[in-house]
1. Go through segment 139-178 and report how many residues are in a loop (DSSP other than H, G, I, E, B) and over 18 Å from the mean Cα position of the chain (by Cα).
2. For segment 120-160, what are the residues that are free of Cβ contacts under 8 Å to residues at least 24 places away in the same chain and either hydroxyl-bearing (Ser, Thr, Tyr) or on the phi > 0 side of the Ramachandran plot (or both)?
3. In segment 94-109, how many are in contact with a helix residue (DSSP H, G or I) (Cβ under 8 Å, 6 or more places away or on another chain), surrounded by fewer than 18 Cβ atoms within 10 Å (Cβ to Cβ) and not β-branched (Val, Ile, Thr)?
4. Could you tell me whether VAL72 is more than 23 Å from LEU117 (Cα to Cα), touching a helix residue (DSSP H, G or I) at 6+ places or on another chain (Cβ under 6 Å) and free of Cβ contacts under 8 Å to residues at least 40 places away in the same chain?
5. Is it the case that THR84 is closer than 30 Å to ASN30 by Cα and either surrounded by fewer than 20 Cβ atoms within 10 Å (Cβ to Cβ) or without any contact (Cβ under 8 Å) to a residue 60 or more places away in the chain (or both)?
6. ARG148 - would you say it is surrounded by 14 or more Cβ atoms within 10 Å (Cβ to Cβ), of a type in the set (Lys, Arg) and farther than 21 Å from VAL99 by Cβ?
7. Looking at segment 18-40, is at least one residue under 19 Å from THR161 (Cα atoms), surrounded by 14 or more Cβ atoms within 10 Å (Cβ to Cβ) and either aliphatic (A, V, I, L, M) or at pLDDT 95 or above (or both)?
8. Collect the residues in segment 102-131 that are of a type in the set (A, V, I, L, M, F, W, C), in a loop (DSSP other than H, G, I, E, B) and within 18 Å of PHE51 (Cβ to Cβ), keeping them in residue-number order.
Amino acid sequence: MGLKTKRDRLCVVQLSTGDGNAHLVQFAANSDYKAPNLAKFLNNPQILKIFHFARFDIAALEYYLGVNIDNVYCTKIASRLARTYTEFHGLKDLCNELVGVSISKAQQSSNWGQEELTDAQKKYAAQDVLYLHEIMDKLDKMLEGSGRKDMAQRCFDFLKTRVELDMAGWSSLDIFKH
């Protein structure tokens, strides 16, 4: 419903294993957020979870589903470390440049809390995850080429702490700044 985790409820979670299929889990307005299969998947540290802007997604998923997400990869962080020649690190930009797919972000600001999602919303939600595996593979090659793969992994590992700082009230403050 929005970008404020504690204010705006979780409505939809989308997943893909990289096989060309996307799975959507929709939560009703009065949801108790009991999704045992989704929680089992997210809690499994053996499964790599790929996100675009993991900082936000991890916060929402942990807050609403009560899960503990480890073993993550963030395409936005990887892009910022690997693609230093640009300031465009959005998913739309990555899909266009790295996988040659043009995606529309028109549904991004639509009403995700409605009882029935539109076909356009379902397509948008699917596109948000369908290309993440391929993007990750391309970014990994770029990170390796620049010698920044280990740095990226350390950033991914730090995300748990960054999310904790965000949720504790330090979301807009850089505590490392002098």
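1. 9
2. TYR124, GLY147
3. Residues in segment 94-109 being in contact with a helix residue (DSSP H, G or I) (Cβ under 8 Å, 6 or more places away or on another chain), surrounded by fewer than 18 Cβ atoms within 10 Å (Cβ to Cβ) and not β-branched (Val, Ile, Thr): 5 in total.
4. no
5. no
6. No.
7. Scanning segment 18-40 turns up no residue that is under 19 Å from THR161 (Cα atoms), surrounded by 14 or more Cβ atoms within 10 Å (Cβ to Cβ) and either aliphatic (A, V, I, L, M) or at pLDDT 95 or above (or both).
8. Once the filter is applied, which keeps residues that are of a type in the set (A, V, I, L, M, F, W, C), in a loop (DSSP other than H, G, I, E, B) and within 18 Å of PHE51 (Cβ to Cβ), segment 102-131 yields ILE103, TRP112.
The values are calculated or read from the model by the stated rules, or taken from the named source; none is laboratory data. Bear in mind the structure is a predicted one, so any value in this text is a computation, not a measurement. For neighbour counting, all protein chains shown are included, and Cβ atoms are generated from backbone atoms with ideal geometry for every residue, glycine included.
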